[in-house]
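Colleague: A single structure is presented below for examination.
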């Protein structure tokens with residue numbers, strides 16, 4: 001299977017997807033959201049020993065809700081899960097969501113990373129991540145920044161992997177499992193007891209019919225390659241903080 005970068009070399013080369021970022025430079029943290037123009041199929045696989053997630057149980061193939069409206073990645077450790085609420089409220093105001101008894105309920109799974117020790121001002125009185133999630137969904141666009149932006153603003157890497165094949169939830173999950181190989185190639189050590197190490201697999205369903213087993217295998221291989229490359233790309237694009245000894249890769253190696 002030929003692997004060719006899309007026109008933007010971004011996840012938004014998959015038609016119907018946009019990405020929004022929001023960050024607080026004083027906080028040294030932020031949130032990122034992946035939004036579909038329409039609800040999309042998603043799977044997830046967690047291999048780390050310390051995950052922080054919201055609504056990821058919904059992504060199991062045996063659950064009732066088969067599609068989601070957005071996926072959120074955020075800094076802030078457990079506090080960052082509140083970014084999902086900001087995204088959900090923004091989508092609900094736009095008329096998005098799962099119909100329940102006449103109400104719209106956006107389905108917004110999310111995951112967080114730990115950036116509480118990066119030197120930013122964490123002495124907030126009110127959790128700031130709701131507002132960051134709301135700002136991220138307002139900024140969602142086909143073009144977006146890389147590196148030290150959004151959920152990556154206080155961390156080292158951020159990556160999401162998707163395909164335009166029409167995958168089922170089970171196939172999205174299989175893709176997410178395979179993509180962990182790419183994480184292990186790019187981050188050493190990976191999947192430790194202190195890490196979340198979570199991968200979302202996404203399919204808009206706008207592509208060809210559900211692929212054969214051999215094609216799913218090839219997609220898994222492509223997902224691992226893409227994730228390894230995306231992690232490295234995030235590291236190379238990151239910028240350091242001027243007010244603290246947190247140099248970026250480019251600061252150390254040019």
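Every read-out reported here was derived from the displayed coordinates using simple, explicitly stated rules and does not represent laboratory data. Since this is a predicted model, take the numbers as computed values, not measurements. Cβ sites come from the backbone with ideal geometry, for glycine too, and all protein chains shown count toward neighbours.
Colleague: Please list 32-40, 227-235, 72-80, 88-96 highest first by mean number of surrounding beta-carbon atoms within 10 Å per residue.
Modeller: 72-80, 32-40, 227-235, 88-96
Colleague: If you take the beta carbon distance between residue 8 and residue 60 as r and set R0 to 30 Å, what does 1/(1 + (r/R0)^6) give as a FRET efficiency, to the nearest 0.05?
Modeller: The calculated FRET efficiency here is 0.45.
Colleague: Quickly estimate the mean residue ellipticity at 222 nm for the chain, helices only: each DSSP H run with n ≥ 4 gives -39500 (n - 2.57), and the total goes over all residues, rounded to 500.
Modeller: Computed ellipticity for the chain at 222 nm equals -8500 deg cm²/dmol.
Colleague: A follow-up question, please. Between residue 239 and residue 78, what FRET efficiency comes out of the Förster formula 1/(1 + (r/R0)^6) with R0 = 35 Å and r the beta carbon distance, rounded to 0.05?
Modeller: Efficiency, from the Cβ-Cβ distance: 0.85.
Colleague: If you build the convex hull over the alpha carbons only and average its shadow over all orientations, what do you get for the range 13-241? Give it in nm² to one decimal.
Modeller: 12.2
Colleague: Determine the relative contact order of the chain: mean sequence separation of Cα pairs under 8 Å and six or more apart, normalised by residue count, in whole percent.
Modeller: In percent, rounded to a whole number, it is 26.
Colleague: Mind pulling up the Rg/Rh value for the range 73-187? Radius of gyration and Kirkwood radius, both on Cα.
Modeller: My calculation of the ratio gives 1.00.
Colleague: Kirkwood hydrodynamic radius, the range 3-46, all distinct C-alpha pairs: what's the number in Å?
Modeller: 12.8
Colleague: Between residue 141 and residue 188, what length comes free when the chain is fully extended (0.36 nm per residue of separation minus the Cα-Cα distance, one decimal in nm)?
Modeller: Roughly 13.7 nm would be gained on extension.
Colleague: Using a Förster distance of 35 Å, how high is the FRET efficiency between residue 92 and residue 212, based on the Cβ-Cβ distance and rounded to 0.05?
Modeller: The value I calculate is 0.35.
Colleague: Show me 184-193, 12-21, 127-136 ranked by packing, highest mean number of other Cβ atoms within 10 Å first.
Modeller: 127-136, 12-21, 184-193
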